[in-house]
Amino acid sequence: MSISNSVIARDGAPAVPRRKVAVLSKRQRKIRNALVAYSFIAPNFLGFAVFTLGPILFAFALAFMHWDGSNAITFAGLDNFWRLFEDKAFIAAFWNTIIYTVASVPATLLCALGLAVLLNQKIAGRNFFRTAMFFPYVASLVAVAVVWNMIFNPEMGPVNMILYTLGLDPKNMPGWAADRHWAMVTVILFGIWKNMGYYMVIYLAGLQGINAELYEAADLDGANSWQKFIHVTVPQLGPTTFFVTVMLTIQSFKVFDQIYMITQGGPGTSTLVLVYHIYNEAFISWDLGYSSMISLVLFFLVLAVTVFQFRRQREDEA
């Protein structure tokens, strides 16, 4: 019995049970496999830790400091936080960000869904129109913004020319990006036009994953096109709509590039948003501590909205 369950010792060494050898070998294989897996993960994780996680943690700490990037860092306590309530630019940026998000998210979602439903049909030139709708998302932002400013030019832009042809009084022509009352509308329209093609592609993938038998059953029940859309398409696209809503909300809170290229936060503070205000405080005024505090507020704002969306989704599924 002892011979069969043990490894025969040589040179007087004690015998090692075969079961123990098997356990050691299995453990060594697990360790080796884990090391191999970690070796693949390590480069990406190191890059994430150095260029993303580290700066985020540093920004959190810097929110409670005074620093201009050149002099010594000094502790500020809650000074930067209380300063938020006295900063009119921050208050304007906060509400402008909310307005942009509330207006652009549902509008972009509806446009993307409408385009997806339309271009999911068998129509002539379907592939061309899909490409044309997706093109603004991948096009150079600089070039697109220049063209957009030309189209919406208050004096010689084709949009105002069309409005004039339709009989609108020149005195009542919208100033678009040059008018503080129309600048936010211009930015919202630009965001919808640029992003709806990308989310159209996501909706197209969701539409093509819907079981055709559901539509056949609806036809047998005598449902018309609108009823099939409301009672079949929309419920089946629930997970896709939730994903699009979350991504659009996060993207809207972080809007910066189109503000920078079209209005630069103006006229006045009519299109100033949180990320652009962070940019101004950090790289124009070099108040890195205060800009980090604004970043911290934006982080918790996005986190709160995202958590709320996930909870609502779970309640709907329950």
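The values are calculated or read from the model by the stated rules, or taken from the named source; none is laboratory data. Please read all numbers here as calculations on a predicted model, not as lab measurements. Cβ sites come from the backbone with ideal geometry, for glycine too, and all protein chains shown count toward neighbours. Protein only, heavy atoms only, side chains kept; ligands, DNA and RNA dropped before computing areas. Shrake-Rupley method; radii C 1.70, N 1.55, O 1.52, S 1.80 Å.
Annotation note: of 278, 250, the sole residue that is open to solvent by 40 Å² or more (accessible area, probe 1.4 Å), farther than 19 Å from residue 186 by Cα and assigned to a helix (DSSP H, G or I) is 250. Residue pairs whose Cβ atoms lie under 9 Å apart, sitting 6 or more positions apart in sequence or on different chains, and linking a residue in the stretch 122-133 that is under 18 Å from residue 208 (Cβ atoms) to a partner that is among the β-branched types (Val, Ile, Thr), are 129/123; 130/201; 133/201. Scanning the stretch 147-172 for residues that are under 30 Å from residue 204 (Cα atoms) and touching a residue at least 60 places away in the same chain (Cβ under 8 Å) yields a single hit, 148.
The residue pairs whose first member lies in the stretch 269-281 and is closer than 15 Å to residue 257 by Cβ, whose second member is aromatic (Phe, Trp, Tyr), and whose beta carbons are closer than 7 Å, counting only pairs six or more residues apart or on different chains, are 273/100; 274/94; 275/256; 276/256; 276/260; 277/90; 279/256.
Residues checked against (1) within 23 Å of residue 134 (Cβ to Cβ); (2) crowded, with 19+ Cβ neighbours inside 10 Å; (3) in contact with a helix residue (DSSP H, G or I) (Cβ under 9 Å, 6 or more places away or on another chain):
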residue	(1), (2), (3)
162	no, no, no
166	no, no, no
183	no, yes, yes
187	yes, yes, yes
194	yes, yes, yes
202	yes, no, yes
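One residue is enough: does the stretch 258-274 have a residue meeting the conditions open to solvent by less than 30 Å² (accessible area, probe 1.4 Å) and under 29 Å from residue 120 (Cβ atoms)? Yes, because at least one residue in the stretch 258-274 is open to solvent by less than 30 Å² (accessible area, probe 1.4 Å) and under 29 Å from residue 120 (Cβ atoms). Across the stretch 297-318, what is the total count of residues that are within 26 Å of residue 80 (Cβ to Cβ) and either open to solvent by less than 100 Å² (accessible area, probe 1.4 Å) or small (Gly, Ala, Ser) (or both)? Residues in the stretch 297-318 being within 26 Å of residue 80 (Cβ to Cβ) and either open to solvent by less than 100 Å² (accessible area, probe 1.4 Å) or small (Gly, Ala, Ser) (or both): 10 in total. When 255, 297, 305 are screened for being assigned to a loop (DSSP other than H, G, I, E, B) and either farther than 22 Å from residue 96 by Cα or of a type in the set (A, V, I, L, M, F, W, C) (or both), only 255 passes. Among the residues making up the stretch 281-294, those that are open to solvent by 40 Å² or more (accessible area, probe 1.4 Å) and in a helix (DSSP H, G or I) are 283, 284. Of all the numbered requirements in (1) over 20 Å from residue 190 (Cβ atoms); (2) touching a helix residue (DSSP H, G or I) at 6+ places or on another chain (Cβ under 7 Å), residue 86 misses one, and that requirement is (2).
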